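Shown next, in structure tokens, is the structure this report addresses.
The values are calculated or read from the model by the stated rules, or taken from the named source; none is laboratory data. Since we're looking at a predicted model, the values are computed, not measured. Using ideal geometry, Cβ is built from the backbone for each residue, glycine included, and neighbour counts are taken over all protein chains shown.
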Amino acid sequence: MFLSNIGEIYYLFFLDESGSRHHKVSSKCRKKAEALSFTNSTIFKEFLRIEGNKLLHSIGICEFEYFLSKIKQEASEWTAWK
């Protein structure tokens, strides 16, 4: 997953389930700081999708490692570490 601007708008690019094609989602933001906030909310939504709704104090290293391993399975190792 990576953030890039096209014209004046920032887009979040990511690979599809097969790991081959790039898809893009508009952040609808012109400022990089706002687009980064959009990116963080997208990552948070993915974490919720994989790990479920958990209390913050119950999330540890194991949950993050599991999250990264699932992202690697679904997309690619490069996407998981971005």
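Screening C29 against (1) at pLDDT 85 or above; (2) surrounded by 10 or more Cβ atoms within 10 Å (Cβ to Cβ); (3) out of contact with any helix residue (DSSP H, G or I) (no Cβ under 7 Å at 6 or more places or on another chain); (4) on the phi < 0 side of the Ramachandran plot leaves a single unmet condition, (3).
Condition test on K82, is it at pLDDT below 80 and under 20 Å from I6 (Cβ atoms)? When the stated conditions are applied, K82 passes them.
Give me a count of the residues in region 38-64 that are over 11 Å from the mean Cα position of the chain (by Cα) and modelled with pLDDT of 80 or more.
16
What are the residues in region 21-59 that are among the charged types (D, E, K, R) and either touching a Phe, Trp or Tyr at 6+ places or on another chain (Cβ under 7 Å) or under 17 Å from A75 (Cβ atoms) (or both), if any?
Selection gives R21, K24, K32, K45, E46, R49, E51.
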